[in-house]
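Trainee: Could you have a look at this structure, given as C-alpha cells, before my questions?
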C-alpha cells in the first residue's frame with residue numbers, strides 16, 4: 001500500500017513539474033549564429049523601435065542567440081534584446097531602454113513563444129496605447145523559423161515568416 005502511494009505521489013510530482021516547468025526546460029537550445037534566408041522567408045526582419053510597433057530593418061539581419069536557463073539574448077545588427085526564460089514579463093531591451101516592448105517567454109509544443117506588448121503613441125488619439133505582438137521560434141535541424149505577428153494601431157495584424165539557417 002505504501003509503495004503504491006509513493007508511485008502516485010511521484011507521478012503527481014512529475015506531472016506538476018512538467019506542467020509548471022519554465023520555457024528553458026521544454027525547448028531546444030537556440031544558441032548560435034543564424035543567417036537570414038530571404039528566399040524562404042515572407043517579409044523582412046526588423047528590430048524594435050522606441051514607442052513604434054513597425055520596427056526598423058537591422059544593419060545586419062543575422063541573428064546571434066545565446067540561451068541559458070535564465071535568459072535568451074538575441075543580437076541582430078546593433079539591437080541587443082533580452083528575454084527572461086522563467087516567464088517573467090520584462091523590457092526586452094538588453095540595455096533597459098524605455099519604449100521597447102515588454103515580453104514573456106513560454107514553451108508551446110516544443111517551440112519558444114514570446115508574447116509582446118508595447119506602448120505606442122497614437123497621434124490620432126493624442127495618447128499612448130498598448131499593442132500586442134507574438135513571436136514563435138521553431139527549430140528543425142539547422143533551420144530556425146520565426147513566425148511574427150504584430151498588431152498595428154489601426155488594428156490590422158502584420159504577419160511574417162522569417163527563416164534562418166545555422167551559421168558557423
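The values are calculated or read from the model by the stated rules, or taken from the named source; none is laboratory data. Remember, predicted model here, so these are calculated numbers, not experimental data. Positions of Cβ are backbone-derived with ideal geometry, glycine not excepted, and every protein chain shown enters the neighbour counts.
Trainee: Could you please find all residues in the range 30-58 being in a loop (DSSP other than H, G, I, E, B) and either more than 24 Å from residue 152 (Cβ to Cβ) or in contact with a helix residue (DSSP H, G or I) (Cβ under 9 Å, 6 or more places away or on another chain) (or both)?
Mentor: Matches in the range 30-58: 30, 31, 37, 44.
Trainee: Check whether at least one residue in the range 122-130 is crowded, with 18+ Cβ neighbours inside 10 Å and modelled with pLDDT of 90 or more, and report yes or no.
Mentor: no
Trainee: Conditions: (1) more than 16 Å from residue 52 (Cβ to Cβ); (2) in contact with a strand residue (DSSP E or B) (Cβ under 8 Å, 6 or more places away or on another chain). Residue 140 meets all but one. Number of the miss?
Mentor: All conditions pass for residue 140, except number (2).
Trainee: Would you check if there is a residue in the range 102-121 being surrounded by fewer than 18 Cβ atoms within 10 Å (Cβ to Cβ) and modelled with pLDDT under 90?
Mentor: Scanning the range 102-121, I find at least one residue that is surrounded by fewer than 18 Cβ atoms within 10 Å (Cβ to Cβ) and modelled with pLDDT under 90, so the answer is yes.
Residues are listed down the side, and each one gets a yes or a no for (1) under 19 Å from residue 34 (Cβ atoms); (2) touching a strand residue (DSSP E or B) at 6+ places or on another chain (Cβ under 6 Å); (3) free of Cβ contacts under 8 Å to residues at least 60 places away in the same chain; (4) assigned to a strand (DSSP E or B):
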position	(1), (2), (3), (4)
80	yes, no, yes, yes
106	no, yes, no, yes
118	no, yes, no, yes
121	no, yes, no, yes
124	no, no, yes, no
153	no, yes, no, no
164	yes, yes, no, yes
